[in-house]
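A quick write-up on the structure given underneath.
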Amino acid sequence: MVKLSVIVPFYNVQSYAQDALRSLRANSRPDFEFLLVDDCSTDGTPEILERAGRDLPGARLIRHEQNGGLATARNTGLDAATGEYVTFLDGDDWLAPGYYPELLAAAEELGCDFLRTDHVQCTGRGRTLARVPHGRRGEVLRPRDAILPADRTTSVDYAYAWAGIYHRRLLDDGLLHFRHGLRTAEDRPWIWRLHREARSFAVVGMLGVFYRRGVASSLTQIGDVRQLDFIRAFDQVIEETSRDPDADVLLPKAVRTYCAIISHHLTSGRFEPQVARTLRRLSAAALRRLPSHVLDGALDSMDVQRASRLRRLRRRPVTGGEAAA
């Protein structure tokens with residue numbers, strides 16, 4: 001029986017794929033499978049993965065006929081996974097040797113639906129520890145209790161899918177798939193759904209994932225229209241949270257986070273002029289769609305500079321078509 005399925009999407013990462021694959025080899029076990037999803041790469045990545053398919057124990061190579069983005073590639077891996085547990089890795093990141101066996105052992109000992117872990121952020125030669133924003137470690141908890149408070153960074157703001165391990169029952173219950181086609185912020189609706197609907201989780205102080213930041217080809221570094229998918233992602237968070245029995249308690253957190261992300265993008269300076277105009281237009285429409293009383297409370301809780309910026313944007317004239325976008 002396969003104990004752990006590791007889903008690894010790759011897209012045009014020929015400079016980094018070897019590091020990821022070597023680290024997978026240092027984490028292999030006879031009962032592990034590695035689902036290598038080539039999202040229609042156009043560089044040397046397919047050849048690297050072809051060799052890995054022969055050399056990496058437990059590797060299964062899956063190719064997309066057309067590029068679908070990270071969310072769709074992860075879904076392809078989920079559809080093929082046979083393991084009792086599931087985890088993720090991105091094709092430009094890497095692992096410490098022996099990390100997955102230790103992570104699996106922790107998951108089996110605690111017996112909860114999912115575990116969240118710390119990780120190491122890597123920018124050039126710099127290394128920074130990034131911790132799950134939840135203080136209680138090694139203790140099984142109810143996930144929805146980790147969503148609040150609204151005005152602080154909490155577990156749902158630590159949205160990295162690869163920073164954890166997930167029992168198959170979550171996959172069987174329909175909680176692990178991502179929204180097809182999202183090019184960015186695909187982890188946001190996913191992590192909110194996990195915390196609203198899973199029964200149990202824990203945080204463990206393990207370090208084993210090395211997250212490569214500042215990669216030129218990464219979508220987070222590219223200021224084109226694909227970055228605006230964060231609006232579709234957070235619209236989904238708001239829509240699904242609005243249907244939750246505890247919506248009156250949880251929505252202020254979701255709305256405040258949405259506002260903070262909009263403000264961040266407005267001031268990032270990364271977007272091309274035409275995309276920046278589209279960002280302002282779509283963000284104004286998004287603010288107008290939010291429940292007004294919840295939005296008022298969220299803006300009142302923010303610092304003056306951000307709140308003023310968003311209030312001005314909220315007053316921006318919006319056409320009927322934009323409001324329904």
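The values are calculated or read from the model by the stated rules, or taken from the named source; none is laboratory data. Predicted model, so just to flag it, every value in this text is computed and none were measured. Counting neighbours? That spans all protein chains shown, and the Cβs are built from the backbone with ideal geometry, glycine included. Note: accessible area is taken over every heavy atom of the protein model, side chains too, but ligands, DNA and RNA are not part of it. Shrake-Rupley method; radii C 1.70, N 1.55, O 1.52, S 1.80 Å.
For Thr82, what is the net charge nearby, where nearby means another residue's Cβ is under 11 Å from its Cβ and Lys, Arg count +1, Asp, Glu -1?
Values: positive: Lys3, Arg60, Arg168; negative: Asp31, Glu33, Asp79, Glu84.
Neighbourhood net charge equals -1.
With a probe of 1.4 Å, find how much accessible area region 1-111 has per residue, and write the answer as a whole number in Å². Provide the component values of the computation, followed by the final result.
Numbers: 4350 Å² over 111 residues.
Averaged over the residues of region 1-111, the accessible area is 39 Å².
If N is the number of residues in the chain, what value comes out of its Cα radius of gyration divided by 2.2 N^0.38 Å? Can you show the working numbers first?
Numbers: Rg = 20.0 Å, N = 325, 2.2 N^0.38 = 19.8 Å.
It is 1.01.
Under unit Cβ charges (Lys, Arg +1; Asp, Glu -1), what dipole magnitude, rounded to 20 debye, does the chain have relative to its Cα centre?
Details: 46 positive and 42 negative charges, 263 e Å.
Result for the chain is approximately 1260 debye, rounded to the nearest 20.
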Q: Just name one of Thr82, Cys40, Gly126: the one whose Cα is farthest towards the positive end of the charge dipole of region 1-155 (beta-carbon charges, Lys/Arg +1, Asp/Glu -1).
A: Gly126
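Quick check on packing: order 99-105, 262-268, 7-13, 123-129 by the mean number of other C-beta atoms within 10 Å, highest mean leading.
Numbers: 99-105: 18.6, 262-268: 16.3, 7-13: 24.7, 123-129: 9.1.
Listed from highest to lowest mean packing, they are 7-13, 99-105, 262-268, 123-129.
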Q | Nonlocal amide H pairs with Asp92, under 5 Å, H built at 1.01 Å | A | none
(Q) Among Thr153, Leu176, Gly138, which residue has its Cα furthest toward the positive end of the charge dipole of region 105-178, with +1 on Lys/Arg Cβ and -1 on Asp/Glu Cβ? (A) Thr153
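Relative contact order, percent, of region 79-196 when contacts are C-alpha pairs under 8 Å separated by at least 6 residues? Walk me through the intermediate numbers first.
Working: 118 pairs, mean separation 36.8, N = 118.
Contact order relative to length: 31 percent.
Hey, any idea what % of the chain's accessible area is carbon plus sulfur with a 1.4 Å probe?
Accessible surface attributable to carbon and sulfur in the chain totals 48 percent.
Explain nothing, just the number: relative contact order of the chain, from Cα pairs under 8 Å at least 6 residues apart, as a whole percent.
Across the chain, relative contact order equals 16 percent.
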Q. To the nearest 500 deg cm²/dmol, what mean residue ellipticity at 222 nm is calculated for the chain from DSSP H runs of n ≥ 4 alone, each contributing -39,500 (n - 2.57), summed and divided by the residues?
A. -12500 deg cm²/dmol
(Q) Using only the alpha carbons of region 33-119, what is the convex hull's orientation-averaged projected area in square nanometres? (A) 6.5
